[in-house]
Structure formats: structure tokens, C-alpha cells
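Below: the structure, in C-alpha cells.
What follows draws every value from the coordinates through simple rules; no lab data is involved. Computed from a predicted model, the values in this text were never measured in an experiment. We place every Cβ from the backbone using ideal geometry, glycine too, and count neighbours over all the protein chains shown.
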């Protein structure tokens, strides 16, 4: 027992375990994809998409600074107090500047300023396309956006209708100054309606996809729309009775499976994955 407590013996045991680990690591075999990924500099993992981080809060902050009427009512009342004025002074424009290592050096980057000062050749690029197609370009993966900050306002929210319209204009309409978003005597809603009347269809799909966040929240809160309820009346938490078991034996698909498929098709059609004519040609399972 005394030998086990000897610090010299403990140190020797640690060294032996360390040597065993080194030997195992040295003799470890690597698969061909791992070797190729290492030699090509592709990293130690595979990801299907490349995500570009967009710091959207800084853009919205700058927007509300120039258009105070876009703030909600409680914030507009609070901003007239001395405490609110002190808070505004503490917010520095440099707080939205990010630092990134590049070839052994620290690079300071401000996305909003980079977009405003983009070259003339990119005059027609909007905020969305600029960061997805130009910013941190990659040729190995499809590029997707990752917004940092509060999510976009809900389209049907009447209290934040102007903020929603302006946010969409800032994201999908090319601009260099905020005054480019609308005419001086034009409302945000009118400018937005004029824009979406001629904007590409892919931007409209992105706007629709942004609403899925609120749709998911509504579903979690038990606020399913009447349209979804009409599509499938089956309770996903139905009680397993003898009749349900007999139906399962007679068919490869249960009523719950049918409900899941129906709901999945509903969301797929809304997402534009395929149109209704393609959905009608699908061989649906025969559910008894």
C-alpha cells in the first residue's frame, strides 16, 4: 500500500499511460477520405453548407437611429428620458466591428460599411446577394445565411408593419444610403409594395420562408391554423386501441403516418419544393 502512494511510482505510471496513448495514436489507421481531406486542406469534418454570419442587429440599430418612428411605442417614450439618452451614448458604432484572424494578422471588418462602400461593379447587389455570393466565397459548399440578432418582424404584425417593410427593403433592395430605400414623400409600406411588384421570385420565397419561424412558434403554442386542421383531423397522440392495432396489421401505414405525410406535403408545397401538379403524380400509400 505504501508503494502505491509513492509519488515516484505515480509519475512512472502516468508516463507509461502517456506512452501507450502515443503508441496507439501513431499506429492508428486513417481512411482514404480522411487522408484526402487533410492533404487538400478541407478540414477534419464535412459540412453540406457554408454559413455566412450576418450581424443584422447593427443594421437595424442604424435604421432606427435615422428613423425613430420605427421604434415601438414603449421605446419611443423611454428614449426621451435622461436614462435612455445615457444608454444611447454608451452604444458605439465600433461595437459592430468584428475581428478575424487572417494570415497571421488581425483584420477589422464592419459589414454595414463594407456593403455601403462596395465597388461600382457591384452597384446592383443587394445586402442579401452581396454577403451570400461575394462575402467569404467558397466553391465547395452551398452558401447560406446565419443572422445574428433579433429575428425579422412578423409580416402580419400591424404594430411593426413599417419596420417589416423597411427591413425587407434593406435586405433585398440595393442601397448605399438609407435614403435610397424610399422617396422623401413616400411611406415605407408604399415603397415596399412597389418593390415586391417587380422583385425576383426568389426574394419572395425567402420572405415566405422567414415566416416559418412564427408558424413554428404558433404550432408549439397550440395555435394551429384552420387550414392545417382541415387537412388532417387525426390526433397525433391518439390512443392505441385494439382497432388501431388491427388497422396496423392490415396495412403498412397507420393513421398517424398518413397525418405526418399530409402535414409534410402541406409545408413542402408552401416552401415551393414542388408544385401541386407534381404532388398529384406521387404514388401515395394506401392507408385503410
Review point. Quick one: if you stick a label point 7 Å off each Cα along the C-beta vector at residue 176 and residue 143, how many nm between them?
Key: 2.2 nm
Exercise for review: Calculate, for residue 240 and residue 220, the FRET efficiency according to 1/(1 + (r/R0)^6) with r their C-beta to C-beta distance and R0 25 Å; round to the nearest 0.05.
Suggested key: 0.55
Revision key, fill the gap. Gyration tensor on Cα atoms of region 113-190, a ≥ b ≥ c root eigenvalues, a/c under 1.5 rounded, else prolate if a/b beats b/c, else oblate, says oblate
Review point. For residue 205 and residue 183, what does the FRET efficiency come to when R0 = 22 Å and r is the distance between their Cβ atoms, rounded to the nearest 0.05?
Key: 0.20
**Study point:** FRET efficiency, residue 122 to residue 257 (Cβ-Cβ, R0 41 Å, nearest 0.05)
**Key:** 0.25
Review point. Using a basic spin-label model with each label point 7 Å from the Cα along Cα→Cβ, how many nm lie between residue 18 and residue 39?
Key: 3.4 nm
